[in-house]
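> There's a structure below that I have some questions on.
Read-outs: derived from the displayed coordinates by stated rules, not from any lab. Keep in mind the model is a prediction, meaning the values are calculated, not measured. Glycine gets a Cβ as well: all are built from the backbone with ideal geometry, and neighbour counts include every protein chain shown.
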Amino acid sequence: MRSCSLACLLAQVTCRGQRLARCVKHICFCLYFFFRRAAVSSSNHQKKYFGLEIPYLDFLQLEPVLCENDRAMTRLRIRSELLNSRGHIHGGALMSILDFTLSAAGRANDPLGIGMATIDMHTSCIEPAMTDLTIEARCIRRGASIAFCEGEILDTSGKLIAKASAAFKVLKVKA
């Protein structure tokens, strides 16, 4: 009954001189291709964080740049969702991007074969972050079970914003 009433309604109502049914069909067509493109795009980028899918980093919009030879580099563009009440990038966001980038440096020699779990991380915030950021990290030592990494966050002028050192549990990834 409801679909019959809706069909009758669509056949009678006009939108900019055209029957609404035609407009609805066009809107549905556009939405289908929009969501199809978005699904294909997201499936291509599912594992964009140096081989990993990390939804939280999608939210932060962290950009992976480099992960090789015990080094990793990422970038973060400033945006309003990441700011604190003073207009600076929130310290929690800074620590999150340091944690990921340091762990990426720890697994840089075998990004798909090992994982990292943070054991301890010490972070020092030096300056407020008010611009786009570059995060650079390096693995100082990686043993069979623990990796030690350090890194820093730099602003667009190269000024030190924060630095961190961390210890990570090395986890073998099951094939």
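> Please give the peptides 68-75, 81-88, 125-132 ranked by average Cβ packing (other Cβ atoms within 10 Å per residue), highest first, as a rough proxy for protection.
Ranking the peptides 68-75, 81-88, 125-132 by packing returns 68-75, 125-132, 81-88.
> I've got another one for you. Treat each spin label as a single point 7 Å out from the Cα along the C-beta direction, and report the S145 to E81 distance in nm.
Between S145 and E81, the simple spin-label model gives 4.0 nm.
> Let me ask something else. Between I54 and D132, what length in nm is gained on full extension when 0.36 nm per residue of separation is reduced by their alpha carbon distance?
The span from I54 to D132 would gain 26.0 nm if fully extended.
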